[in-house]
Amino acid sequence: MPNAPSSSAHGLTGAQLFPHRHLTGISGLQPHEITFLLDEAEQWVDLNRKASKHDGRLSGLTQINAFFENSTRTLLSFEIAGKRLGADVVNMHAAQSSVKKGETLIDTAVTLNAMRADVIVIRHQSSGAVQLIADKVDCPVLNAGDGRHEHPTQALLDALTIRRRKGRIAGLRVAICGDVLHSRVARSNILALTSLAAEVRVIAPPTLMPPAIERMHVTPFTDFDTGIEGADVVMMLRLQSERMAGGFIPSPREYHALWGLTSERLERAAPDALVMHPGPMNRGVEIDSNIADDPNRSAITEQVEMGVAVRMACLDVLTRRKRGVEGWA
Amino acid sequence: MPNAPSSSAHGLTGAQLFPHRHLTGISGLQPHEITFLLDEAEQWVDLNRKASKHDGRLSGLTQINAFFENSTRTLLSFEIAGKRLGADVVNMHAAQSSVKKGETLIDTAVTLNAMRADVIVIRHQSSGAVQLIADKVDCPVLNAGDGRHEHPTQALLDALTIRRRKGRIAGLRVAICGDVLHSRVARSNILALTSLAAEVRVIAPPTLMPPAIERMHVTPFTDFDTGIEGADVVMMLRLQSERMAGGFIPSPREYHALWGLTSERLERAAPDALVMHPGPMNRGVEIDSNIADDPNRSAITEQVEMGVAVRMACLDVLTRRKRGVEGWA
Amino acid sequence: MPNAPSSSAHGLTGAQLFPHRHLTGISGLQPHEITFLLDEAEQWVDLNRKASKHDGRLSGLTQINAFFENSTRTLLSFEIAGKRLGADVVNMHAAQSSVKKGETLIDTAVTLNAMRADVIVIRHQSSGAVQLIADKVDCPVLNAGDGRHEHPTQALLDALTIRRRKGRIAGLRVAICGDVLHSRVARSNILALTSLAAEVRVIAPPTLMPPAIERMHVTPFTDFDTGIEGADVVMMLRLQSERMAGGFIPSPREYHALWGLTSERLERAAPDALVMHPGPMNRGVEIDSNIADDPNRSAITEQVEMGVAVRMACLDVLTRRKRGVEGWA
């Protein structure tokens, strides 16, 4: 079992533990704030494994999931998280949205706010869209992925998964492999893992490696076999099919040959290396099935489970001020 | 604060206050019945401004939102309203509906009824579709907009907004401007505001002015500058993009020049004139941003807020008979 | 009123009454197990006819409706059923699903499982897809229709409707008419009704009659007038528009002439013959409106009502083990 120190262990109380109104990204969070959210998530992992998994603390609060970009998994995860906490959860799907009628994003934000939302979860194809909305509303805003910017709950669920499987994060060598250039998952993970003192390596084809990535305190590799050497965690990124068509890579087959995770390649990592993937996977492209399905190596299913727990923690923590929780109001 | 007389102030009790089974339109409502719904909505405005906004009175009741025509805002508003009242709310989206399989509208109505819906909210592209369904089911039906016919909750939320901002409706000069011909919002508002003794003017391009509109007890103007003269409330209508393509107007730019609400034009209205818009707005077409965003003039955000409250009032009132509320059963 | 023997009448207790983890089909169910589910559904028919229709027994449980194939009615029915039982119900729509991103069906199943679903309802266009998912998850799986395979809750609701209207099922002559070849509704009904000792006839055009259908203990007829002779129940199938385009039938008009249910044809059935249709109907194609709308002959509306009750029964029974209900855990 991982160690889950009680909040008071930080020597802080209430809103000092997490003074932020919104969760727009990992950027701007202190290490102890990230750890606080991970600690909080542990109780939800426990609850979710019970037969009855209901907690009424968000009862009477309205959670709006405004997904301007489709994502079945992330929407399901946030919807389940909110409902288990007792919130009134409503989904706003992009395909039906007034945005199509020419409404500006800010008008949409103002509208959701006027309906007295208590927390808004946003996914948007444009970087910065979530911050734009956060600036216009009275309630907490949770970023469920915006453009190439951030996907903070993904980084939190990944960190929680690592901490539970490895017992710690500090000092681990984590290799993040794939389309780092376009990936908000990579970006949020780099921010979270370096903040928690992991040694982070990024492995990408030269066309998909962000320029000056060293500034993010990571070591870049364009050769997979070198980069994976001794890694404790191998985090594969999803290859977006748009990239395949976009000329960034020659073909799925060639991508697999050079950048896919195979058993052979994994042998260069640490003997007990953990394999992760944010899903949905392109089996046989960025990852081989025998690795993805190996319960001793793969933490992919556990990542999904941690996702619901982390989102419950974020929804709970961000609404404490409004709910008048002692030390937060 | 607006005056919200208690229901007993009308000298009526229970079902006498609102004897209608359905809310298919403003047409057919007595002035005191409209006022009754506005009075009822006040409590929900108050509740919605609280941190916890739950009321269990519709607990155990099934609300089906059957939207044959997409409308993100209106659907969200009804869904939030029902959930805050504790109903089991389910949405039926047109895009997935059996209607696409050739089922008749009446068969859909009979199906929803057989599932023992307790209240059905309907939006449909055809005028009269809501009445057709209301005639076939055992439960209350709420019109969320049907064709060019009516959109009664929009008129109620507009009336509530005006009453709260101006303290009264009777005697106010209200100018409704834009595509009056195709607008169910205009139609329901004309019916509600004239019923409540406002002086209503309609301003529209000749191609978008309904013939014989004087019969609705309004004064038509085809010149914006004349029509807006001394108005206490300026209610702009949304310019449907279908109209722009349909040859009714020459171009968005020309529409703005002749029919858009600018600061200059607004100066002809009363000094404290209230500006309204049902949303979503085409900024720079029918309304200028500096007006829309001026909190002293614009009530646009408040309209959205009143929308949830008014819908909660309608859902509550229409289900009282079924719930056996004293005086209603 | 139909006879609804208490469960103890079977001389069995708890999980012996229904030892199955999943409901993937009628195939594999014993007659007393089918009867048990019908008996259980009776209480939900009663509850659904009350003003307040809430039962909290699935409170704290997460029900995921994963519909890979659209079906407004069936989805609504399962969603209402789950919400009335107090479950946290979330819908996963095919159109938004990760399946579109190339994810395998098994990965989707594993994902829903990792989110700690307590019951999964699946509709899929491929026969066997539901079983594939059932094999991969820890929670009960309910088949809401898979390919040409089975649609067990449809058969259960049909059986319940017949039992309530006729007082029994054994010994009744039931004629199932239409596109038997492609119909999972027909298949599940044949299995259920023959299991319950009805005499089942299938009537279909030669191109839409499954080969060797006699092995399912039914009598095939390609002539409608002969097949319907003396039938106590006439169950019409929906003509899928895909079939019309597929060359299986010459035209809707000709189909109606040869295979549509008309008053004239119905006269050959028993004088009190019950008419059924799973909906949505193609009026004037497979069934005439005067028959569909005759309350004395048609049970079509009652079928919809029984659908919600049967689904509540299945959701309740399948989750008893997890909920630790006495005799089931």
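Here, each number is a calculation from the coordinates, and none is a lab measurement. Please read these numbers as outputs of a predicted model, since none were measured by experiment. Note that we place each Cβ from the backbone using ideal geometry, even for glycine, and neighbour counts take in every protein chain shown.
Can you find, among B:Ile120, A:Phe78, C:Gly14, the residue farthest towards the positive end of the dipole of the protein assembly as shown? Put +1 on the C-beta of Lys and Arg, -1 on that of Asp and Glu.
The Cα lying farthest towards the positive end belongs to C:Gly14.
Among DSSP beta bridges whose residues both lie in chain C, state the antiparallel percentage, nearest 5. Mind showing how you got there, number by number?
Details: 1 of 35 bridges.
Antiparallel bridges: around 5 percent, rounded to the nearest 5.
Return the ratio Rg/(2.2 N^0.38 Å) for chain B, where Rg is computed over Cα atoms only. Provide the component values of the computation, followed by the final result.
On the way: Rg = 19.5 Å, N = 329, 2.2 N^0.38 = 19.9 Å.
Taking N as the residue count of chain B, the ratio is 0.98.
Starting from the Cα of B:His32, step 7 Å along the direction of its Cβ; do the same at A:Thr219; then give the gap between the two resulting points in nm.
Modelled inter-label distance: 8.4 nm.
Taking chain C as a Gaussian network, where each spring joins two C-alpha atoms under 10 Å apart, which residue of C:Ser263, C:Ser241, C:Ser27 fluctuates the most?
The residue that fluctuates most here is C:Ser241.
How big is the antiparallel share of DSSP beta bridges in the protein assembly as shown, given as a percent to the nearest 5? Please report the intermediate quantities before stating the final value.
Numbers: 3 of 105 bridges.
So the antiparallel bridges amount to about 5 percent of the total.
Can you tell me which of B:120-129, C:307-316 comes out highest on packing, and rank the rest after it, using the mean Cβ neighbours within 10 Å?
The packing order, highest mean first, is C:307-316, B:120-129.
Compute the relative contact order of the range B:25-153 as a whole-number percentage, counting only Cα pairs closer than 8 Å that sit 6 or more residues apart in sequence. It would help to have the intermediate numbers written out before the result.
Values: 191 pairs, mean separation 31.0, N = 129.
Averaging sequence separation for qualifying contacts and normalising by length gives 24 percent for the range B:25-153.
Once you keep just the Cα pairs under 8 angstrom separated by 6 or more residues, what percentage relative contact order results for chain C?
Details: 625 pairs, mean separation 63.4, N = 329.
Value for chain C: 19 percent.
With charges only on Cβ, +1 for K and R and -1 for D and E, what is the dipole size of the protein assembly as shown about its Cα centre, in debye, rounded to 20?
Working: 108 positive and 111 negative charges, 218 e Å.
Roughly 1040 debye, rounded to the nearest 20.
Between copies, how close do the C:Gly14 label points come, placed 7 Å along Cα→Cβ, listed in nm from shortest?
Distances between equivalent label points, in nm: 4.9, 4.9.
Not counting the cut sites, what is the longest span of chain B without GluC sites (Glu not before Pro) that DSSP labels loop and that have at most 15 other Cβ atoms within 10 Å? List each step's numbers first, then the result.
On the way: sites that count: B:Glu229, B:Glu267, B:Glu326.
With a cap of 15 other Cβ atoms within 10 Å, the longest stretch comes to B:1-228.
For the range B:208-293, what is the charge dipole size about the Cα centre, in debye to the nearest 20, if Lys and Arg each add +1 at the Cβ and Asp and Glu each add -1 at the Cβ?
Working: 7 positive and 13 negative charges, 72 e Å.
For this selection, approximately 340 debye.
With charges set only on the Cβ (+1 for Lys and Arg, -1 for Asp and Glu), what does the dipole of chain B come to about its Cα centre, in debye to the nearest 20?
Numbers: 36 positive and 37 negative charges, 141 e Å.
Computed about the Cα centre, the dipole is about 680 debye.
Please work out the C-alpha center-to-center distance from the range C:18-92 to the range C:108-150 and express it in whole Å.
15 Å
For peptide B:42-50, compute the average count of partner chain beta-carbon atoms within 10 Å of each residue's beta-carbon.
Working: counts 0, 0, 0, 1, 0, 2, 4, 1, 2.
Shielding by partners across B:42-50 averages 1.
Rounded to the nearest whole Å³, what is the per residue volume of the convex hull around the Cα atoms of the range C:152-299?
On the way: hull volume 14.0 nm³, N = 148.
Dividing the Cα hull volume of the range C:152-299 by its residues yields 95 Å³.
Antiparallel versus total DSSP beta bridges in the range B:152-299: what percent is that, nearest 5?
Values: 0 of 18 bridges.
If we restrict to bridges inside the range B:152-299, about 0 percent are antiparallel.
Tell me the distances, shortest first, between C:Ser27 and the same position across the other copies, using label points 7 Å along Cα→Cβ, in nm to one decimal.
List, nearest first: 5.6, 5.6 nm.
Over all residues in A:280-289, what is the mean tally of Cβ atoms on other chains that come within 10 Å of each residue's Cβ? The partial results should precede the final answer.
Details: counts 11, 6, 3, 5, 0, 1, 0, 0, 0, 1.
Counting other chains' Cβ atoms within 10 Å and averaging over A:280-289 gives 3.
Would you be so kind as to identify which of C:Ile133, C:Ala144, C:Tyr255 lies farthest towards the positive end of the dipole of chain C, taking Lys and Arg as +1 and Asp and Glu as -1 on Cβ and the Cα centre as origin?
Sorting the options by dipole projection puts first C:Ile133.
Report Rg/Rh for the protein assembly as shown, rounded to two decimals, where Rg is the Cα radius of gyration and Rh the Kirkwood radius. Show your work: numbers first, answer last.
Values: Rg = 30.3 Å, Rh = 30.6 Å.
Radius of gyration relative to Kirkwood radius: 0.99.
To the nearest 0.05, how large is the calculated FRET efficiency for C:His20 and B:Arg165 if R₀ is 56 Å and r is the Cβ-Cβ distance?
Working: r = 62 Å, r/R0 = 1.10.
E(calc), rounded to 0.05, equals 0.35.
Output the peptides A:44-50, B:233-239 sorted from most to least packed, where packing is the average of other Cβ atoms within 10 Å over each peptide's residues. Please report the intermediate quantities before stating the final value.
Numbers: A:44-50: 16.6, B:233-239: 25.9.
Ranked from most to least packed, the peptides come out as B:233-239, A:44-50.
Which distance in Å, rounded to a whole number, links the C-alpha centroids of the range A:170-223 and the range B:288-329?
Value for the Cα centre distance between the two parts: 50 Å.
To one decimal in nm, how far is A:Ser127 from the same spot in the other copies, if labels go 7 Å from Cα toward Cβ? Please give the shortest first.
5.1, 5.1
Report relative contact order for the range A:152-299 in percent, whole number only (criteria: Cα-Cα under 8 Å, sequence separation at least 6).
Values: 270 pairs, mean separation 33.5, N = 148.
Relative contact order for the range A:152-299 comes out at 23 percent.
Mind checking B:68-76 for the average number of partner chain beta-carbons within 10 Å of each residue's beta-carbon?
Working: counts 0, 0, 7, 4, 14, 10, 1, 4, 13.
Per-residue shielding by partner chains comes out at 6.
What residue among B:Ala155, B:Ala134, B:Ala51 shows peak mean-square fluctuation when chain B is described by a Gaussian network model with Cα springs under 10 Å?
B:Ala51
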